[in-house]
Amino acid sequence: MSSKESCRIVERKKESCRSELRIAIRQLNDRCLYSASKWAAEQLTGIEQDPAKFTPSNTRFQRGSSSIQRRYRTNEITATPVAGVSYVTTPVMVEDDLVDGDFYLLAKSYFDCREYKRAAHVLRDQSGRKSLFLRFYALYLAGEKRKEEEMIELEGPLGKSDAINRELVPLERELSTLRKNGTIDPFGLYLYGLVLKQNGSESLARTVLEESVNNYPWNWNVWSELQSLCTTIDILNSLNLNNHWMKDFFLASAYQELRMHNEALAKYQYLQGTFCYSNYIQAQVAKVQYSLREFDQVEATFEELLRNDPYRVDDMDMYSNVLYAKESASALSHLAHRVFMTDKYRPESCCIIGNYYSLKGMHEKSVVYFRRALKLNKNYLSAWTLMGHEFVEMKNTPAAVDAYRRAVDIDPCDYRAWYGLGQAYEMMGMPFYALHYFRKSVFLQPNDSRLWIAMGQCYETEQLRMLDEAIKCYRRAADCNDGEAIALHQLAKLHSEVGRADEAAFYYKKDLERMEDEEREGPNVVEALIYLATYCRAQERYEEAEVYCTRLLDYTGPERETAKSLLRGMGMGSSQSGPPGMDIEQFPP
């Protein structure tokens with residue numbers, strides 16, 4: 001196949017994606033599925049325009065180049081369009097506008113004004129598919145709205161309540177009947193799956209949501225709900241999904257949640273062959289890099305995102321976490337001001353401002369903003385976790401434990417909350433409990449050196465003193481690119497403590513080389529020099545010992561006297577096997 005013909009095939013497939021998305025956006029909007037419609041519209045403008053139709057009017061969101069595509073491309077994965085992949089064709093759903101008519105338009109107006117019960121009442125006798133879905137959806141949201149009101153009214157001392165959505169049971173009954181009769185459409189299946197999930201019928205919910213995406217693949221809300229039910233790779237692999245291009249978006253997101261970072265990156269890079277200007281993909285790649293703790297690359301990605309979309313608030317809370325970890329106070333201040341001026345009552349905005357105050361050490365004010373984020377969204381995971389961190393800083397361990405527990409209730413796969421629980425119980429002097437939670441956190445995030453170090457320190461406590469287990473943890477931390485280099489120093493100390501001199505010398509030498517490369521000075525350097533000098537002397541490697549002792553003579557504390565003592569000892573032994581001609585008197589007393 002010639003390159004021109006290949007390009008024509010790629011462009012036809014891009015145009016097919018555009019056509020599908022344009023129709024889907026209208027259909028999703030008609031059913032008031034606005035977040036799904038927004039997602040689809042963002043992907044539509046993320047497709048590179050056909051050069052033959054390139055005009056300023058229809059490319060105002062296009063950028064000159066995609067640096068994210070260049071930055072993450074590898075030799076193994078090539079970000080090529082969909083020319084070599086055969087996707088199934090899903091028929092576009094035919095609308096029944098004549099059946100819906102004027103009552104649907106009135107109900108939609110009420111729905112848009114958040115008058116859900118009123119909208120459902122208007123549609124009580126309508127039989128059109130759009131009207132049926134809108135009535136069910138309005139009832140579902142009316143129940144959710146009432147549940148939130150009851151949660152505020154009946155809130156217990158720990159911010160918990162037993163409020164439920166009272167519309168779920170009648171909705172499940174009615175939607176189940178429609179499915180059995182074969183009169184339910186893909187949107188009704190989405191809502192039925194949502195209801196089943198909330199009622200705890202997860203297996204049936206997966207089946208129903210799978211039916212929905214196979215019949216109508218453009219509703220990203222369905223894919224998101226289905227992903228939340230795929231808690232293991234076995235469940236994910238058991239799904240029988242049509243090979244539509246939306247499946248690639250789903251798999252990339254699912255791999256990301258299952259911590260299969262390389263697979264997720266490969267999928268996103270592949271998708272960039274078609275959706276090369278997608279801000280969504282750019283943000284998801286940044287999330288993967290964040291999980292891999294590659295903060296410099298994440299920061300560069302978010303900076304580019306904000307240049308292209310300066311009023312974006314989605315995902316910016318993660319950017320603030322990166323700036324917090326890098327202690328970039330001025331950049332975090334600028335970001336907090338930007339989101340405050342854009343939309344200060346978004347949960348993400350409140351979290352960003354909370355991070356800013358936390359970095360300044362104003363922990364009480366930080367908690368105020370995290371609480372505000374939770375007022376706006378009770379299930380906002382980051383706010384619970386970050387508020388727990390603040391309570392730890394304030395030494396309020398009971399409040400920290402409660403915040404972390406609320407976080408793991410929302411997402412049992414949030415390793416940060418499990419790690420926080422471990423820290424809190426360690427502060428309370430309960431290392432067995434702490435160890436349990438640290439184990440959970442490292443299971444979920446095995447490539448984070450901080451978690452292995454925390455677990456190693458737990459094993460070192462007086463109550464446990466399981467030093468061999470601590471050594472194993474520090475080894476794992478050292479293999480995970482321990483940025484703070486705590487692991488090497490602890491490995492050296494622990495091997496020395498248990499009497500393994502050779503291993504201790506090996507790790508002291510590695511730690512010393514690292515500190516030399518980073519041009520660091522401090523007590524760890526002195527400790528390493530003294531140990532290595534003593535070890536080399538005991539091994540009769542006098543020249544090496546002299547090098548370490550000579551470096552110690554540059555210090556003015558007791559380590560200087562230790563070095564002189566070692567050198568004198570080697571001088572006294574020079575008649576036997578020590579280094580010849582060593583003049584101890586050259587060192588002043």
If you average the sequence gap of Cα pairs under 8 Å that are 6 or more apart and divide by the length of the chain, what percent do you get for the contact order? 7 percent
Starting from the Cα of K267, draw a straight line to each of the lysines and keep only those under 29 Å, dropping any in the same chain fewer than 8 residues away. K4, K13, K14, K38, K53, K197, K247, K287, K326, K440
Can you send over the carbon and sulfur percentage of the accessible area for the chain, probe radius 1.4 Å, protein chains only? 50 percent
Measure off 7 Å from each Cα along the Cα-to-Cβ vector at S330 and S127, then give the distance between these two points in nanometres to one decimal. 7.0 nm
Relative to the first principal axis of the alpha-carbon coordinates of the chain, what is the inclination of helix 542-552, with its axis defined by its Cα atoms, in degrees from 0 to 90 and to the nearest 10? 70 degrees
For the range 335-413, what is Rg from Cα atoms divided by 2.2 N^0.38 Å, rounded to two decimals? 1.03
By how many nm would the segment from R500 to S238 lengthen if fully extended, with 0.36 nm per residue of separation less the alpha-carbon distance? 89.4 nm
Efficiency by 1/(1 + (r/R0)^6): what FRET value for R8 and V169, r their Cβ-Cβ distance, R0 = 45 Å, to the nearest 0.05? 0.25
Summing -39500 (n - 2.57) over the DSSP H runs of n ≥ 4 in the chain and dividing by its residue number, what mean residue ellipticity at 222 nm do you reach, to the nearest 500 deg cm²/dmol? -22000 deg cm²/dmol
Give the Rg/Rh ratio for the range 387-471, taking Rg as the radius of gyration of the Cα atoms and Rh as the Kirkwood radius, to two decimals. 0.96
For R114 and Y311, what does the FRET efficiency come to when R0 = 35 Å and r is the distance between their Cβ atoms, rounded to the nearest 0.05? 0.90
Over the Cα atoms of the range 233-306, what radius of gyration and what Dmax do you get, in Å? 12.8, 39
Structure-derived Cα Rg over 2.2 N^0.38 Å: which label, when the choices are (1) 1.34; (2) 1.23; (3) 1.01: (2)
For the full complex of protein chains and a 1.4 angstrom probe, list D482, D102 by accessible area with the highest value first. D102, D482
Just tell me which lysines come within less than 19 Å, Cα to Cα, of K117; anything on the same chain fewer than 8 places away is out. K108, K130, K145, K147
State to the nearest 20 debye the size of the charge dipole of the range 309-380 about its Cα centre, where the only charges are +1 on K and R beta carbons and -1 on D and E beta carbons. 300 debye
Residue farthest toward the positive end of the dipole of the chain, with Cβ of Lys/Arg at +1 and Asp/Glu at -1: which of L512, V442, L271? L271
Straight distance only, please: which aspartates and glutamates reach the Cα of K493 with their own Cα at less than 17 Å, same-chain residues fewer than 8 apart left out? E460, E462, D468, E469, D482, E484, D502, E503, D511, E513, E527
What is the Å³ per residue value for the convex hull set by the Cα atoms of the range 450-568? 107 Å³
Let me check I've understood the local charge: for N242, count other residues with C-beta under 15 angstrom from its C-beta, Lys and Arg +1, Asp and Glu -1. What total comes out? -3
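With contacts defined as alpha carbon pairs under 8 Å and 6 or more residues apart, what's the relative contact order of the range 333-465 in percent?
14 percent
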Consider just the alpha-carbon atoms of the range 386-527 and return their Rg together with their Dmax, both in angstrom. 16.3, 48
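Can you give the charge dipole size of the chain about its Cα centre, rounded to the nearest 20 debye, using +1 on the beta carbon of Lys and Arg and -1 on the beta carbon of Asp and Glu? Please report the intermediate quantities before stating the final value.
Numbers: 74 positive and 84 negative charges, 397 e Å.
Magnitude of the dipole: close to 1900 debye.
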Neighbourhood charge, 12 Å Cβ-Cβ cut-off, centred on E115 and excluding it, Lys, Arg +1 and Asp, Glu -1: +4
Full extension between E15 and T461 adds, at 0.36 nm per residue less the Cα distance, a length in nm of 154.3 nm
Before I look further, what does the chain give for accessible area per residue, probe 1.4 Å, in whole square angstrom? 49 Å²
Based on the Cβ-Cβ distance from S176 to K145, what FRET efficiency comes out when R0 is 22 Å, to the nearest 0.05? 0.40
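The values are calculated or read from the model by the stated rules, or taken from the named source; none is laboratory data. As the structure is a prediction and not an experimental result, all values here were calculated from the model. Neighbour counts run over all protein chains shown; Cβ positions are idealised from the backbone, glycine included. Surface accessibility is based on the protein's heavy atoms, side chains included, excluding ligands, DNA and RNA. Shrake-Rupley method; radii C 1.70, N 1.55, O 1.52, S 1.80 Å.
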